[in-house]
Amino acid sequence: MVVFAVLIASDVLAGLQRDIPGYTTALQGSAKIRKRLNALTGTPHTSLTSCNSSATMLVNCGRAPNFTGISTWLNTPGGKPLSLSALRGKVVLVDFWTYSCINCQRSLPHVEAWYSEYAKDGFVVVGVHTPEFAFEHVVSNVRAQAAALGVRYPVAIDNNYATWNAYSNQYWPADYLIDAQGNVRSVHFGEGDYSTMGHLIRQLLQAARPHQSVPTPAGVPDKTPAGQMNPETYVGYEELQYLDPPEVTRDAPAVYHFPASLPLGALGLAGTWTDHAQEATAGQGAQLELGFLAQDVYLVLGGTGTLDVSVNGHHTQTIDVVGVPRLYTLYQAQAGSAASGKLVLHASPGVEAYDFTFG
């Protein structure tokens, strides 16, 4: 790791980083966590499992499963449920997301733009909110953050993964485009390739209403990151992969110390922390350090308190952590390209740190 850090700092890997497939194929949630979710929720093998998610044209992946096991509906008249049978004759985009996912947050403006542009032409978006963290099961949290993110289309609260399982889904975000006859005609996982999805939406709308023109809007800038960056880095012990040194005390306060030197991509703890399955709660003198390679660094935070952020030894901001647990921005590279460095975070007692993601 130290050698790798030196190579990056000296720009030796610049050409390699340009040639290696980038972030467009990276999805929220590690392969390990997706595998465990599928095992726990019994994700079945269906026709959607083998549907070509790389296709740039309309395909036929079979009948779309209905919304199943939805506990609450947001943004529908009177909170009434939707069904695909009632939406027959309309083109429907089913978008799996969860509100603290940075990949989902970057894709939302595109989904919202399609909904705004084409709702009058018979287009419906249903955002299926399937949670990763415990706090994302709380409907009031989802309602507040959906509003803050500007989500106006219907949202189905899929807390028990019933609709996730019905679609054999494994990713956040994931899009399933359904034609007016109720068939899945396109599947896309992760960020990017928005122009293709927009084109396929227009094709299905035109087919459903052949005598009605469907405009091509200017679109929303694609901010999908490219190039190499840190992997998603969890702080709770359930998915703790990059801590140095790697040992933690589970579910009880303990005092930690930073390593003598922090490798690129590693996470360090200092001061008192109580490490739980999904997050670590700060105690006295709590600090985090992270060796990063990214353009942007984000951290899901909960609890109440403050977080002082330093980058490469310089204090950059103090974050007030309050209200609904959510994603906070810790660092953004001014040059608009990935940079390597070290973040040091000083957390006041009561702050909860969940998960670092990168852009």
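The values are calculated or read from the model by the stated rules, or taken from the named source; none is laboratory data. Quick caveat: nothing in here was measured; it's all calculated off a predicted structure. Positions of Cβ are backbone-derived with ideal geometry, glycine not excepted, and every protein chain shown enters the neighbour counts. All accessible areas refer to the heavy atoms of the entire protein, side chains included, with ligands and DNA or RNA removed. Shrake-Rupley method; radii C 1.70, N 1.55, O 1.52, S 1.80 Å.
Annotations for the structure displayed:
- Residue in region 75-82 that is among the polar types (S, T, N, Q), surrounded by fewer than 18 Cβ atoms within 10 Å (Cβ to Cβ) and in contact with a helix residue (DSSP H, G or I) (Cβ under 8 Å, 6 or more places away or on another chain) present: yes
- Selection from region 325-341 of residues that are over 18 Å from Thr357 (Cα atoms) and in contact (Cβ under 8 Å) with a residue 40 or more places away in the chain: none
For every residue, the table says whether it meets (1) of a type in the set (A, V, I, L, M, F, W, C); (2) more than 21 Å from Glu132 (Cβ to Cβ); (3) modelled with pLDDT under 95; (4) touching a Ser or Thr at 6+ places or on another chain (Cβ under 6 Å).
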residue: His199; (1), (2), (3), (4): no, yes, no, no
residue: Gln212; (1), (2), (3), (4): no, yes, yes, no
residue: Tyr234; (1), (2), (3), (4): no, no, no, no
residue: Leu243; (1), (2), (3), (4): yes, no, no, no
residue: Thr281; (1), (2), (3), (4): no, no, no, yes
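- Hits in region 129-149 (condition: among the aromatic types (Phe, Trp, Tyr) and either assigned to a helix (DSSP H, G or I) or in contact with a Lys or Arg (Cβ under 6 Å, 6 or more places away or on another chain) (or both)): Phe135
- Within region 126-151, the set of residues being farther than 21 Å from Ala353 by Cβ and of a type in the set (S, T, N, Q) comprises Thr130, Ser140.
Condition check ((1) part of a strand (DSSP E or B); (2) over 23 Å from Ile102 (Cβ atoms); (3) of a type in the set (S, T, N, Q); (4) open to solvent by 40 Å² or more (accessible area, probe 1.4 Å)) across all residues:
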residue: Phe258; (1), (2), (3), (4): no, yes, no, yes
residue: Pro263; (1), (2), (3), (4): no, yes, no, no
residue: Trp273; (1), (2), (3), (4): yes, yes, no, no
residue: Tyr298; (1), (2), (3), (4): yes, no, no, no
residue: Thr306; (1), (2), (3), (4): yes, no, yes, yes
residue: Ser310; (1), (2), (3), (4): yes, no, yes, no
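A quick yes/no check of all residues on (1) exposed (fewer than 15 other Cβ atoms within 10 Å of the Cβ); (2) more than 19 Å from Pro173 (Cα to Cα):
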{"site": "Leu200", "(1), (2)": "no, no"}
{"site": "Ser213", "(1), (2)": "yes, yes"}
{"site": "Ala218", "(1), (2)": "yes, yes"}
{"site": "Asp222", "(1), (2)": "no, no"}
{"site": "Gly227", "(1), (2)": "no, yes"}
{"site": "Thr233", "(1), (2)": "no, no"}
{"site": "Gly236", "(1), (2)": "no, yes"}
{"site": "Glu239", "(1), (2)": "no, yes"}
{"site": "Leu243", "(1), (2)": "no, yes"}
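- Among the candidates Gly69, Gly42, Gly122, Gly78, the residue that is modelled with pLDDT under 95, at positive phi and among the small types (Gly, Ala, Ser) is uniquely Gly42.
- Residue check, Leu288 touching a strand residue (DSSP E or B) at 6+ places or on another chain (Cβ under 7 Å), of a type outside the set (S, T, N, Q) and without any contact (Cβ under 8 Å) to a residue 60 or more places away in the chain: no
- A count restricted to region 85-128 and to residues that are assigned to a loop (DSSP other than H, G, I, E, B), over 18 Å from Ser186 (Cα atoms) and open to solvent by 10 Å² or more (accessible area, probe 1.4 Å) stands at 2.
- Region 228-248 residues that are in contact (Cβ under 8 Å) with a residue 24 or more places away in the chain, paired with ones that are open to solvent by 40 Å² or more (accessible area, probe 1.4 Å) and in a strand (DSSP E or B) (beta carbon under 9 Å, 6 or more apart): Val235/Glu352; Tyr237/Arg250
- Failed criterion for Leu327 (all others in (1) out of contact with any helix residue (DSSP H, G or I) (no Cβ under 9 Å at 6 or more places or on another chain); (2) hydrophobic (A, V, I, L, M, F, W, C); (3) in a strand (DSSP E or B) hold): (1)
- Any hit, region 165-176, residues being of a type outside the set (A, V, I, L, M), in contact with a Pro (Cβ under 6 Å, 6 or more places away or on another chain) and assigned to a helix (DSSP H, G or I): no
- Long-range neighbours under 7 Å by Cβ, at least six apart or interchain, first residue within 13 Å of Val344 (Cβ to Cβ) and modelled with pLDDT of 95 or more within region 310-322, second part of a loop (DSSP other than H, G, I, E, B) and among the hydrophobic types (A, V, I, L, M, F, W, C): none
- Within region 135-193, considering residues that are under 14 Å from the mean Cα position of the chain (by Cα) and aromatic (Phe, Trp, Tyr), the one surrounded by the most Cβ atoms within 10 Å (Cβ to Cβ): Trp172
- Filter pass, Ala254 being over 30 Å from Tyr115 (Cβ atoms), of a type in the set (Gly, Ala, Ser) and crowded, with 21+ Cβ neighbours inside 10 Å: no
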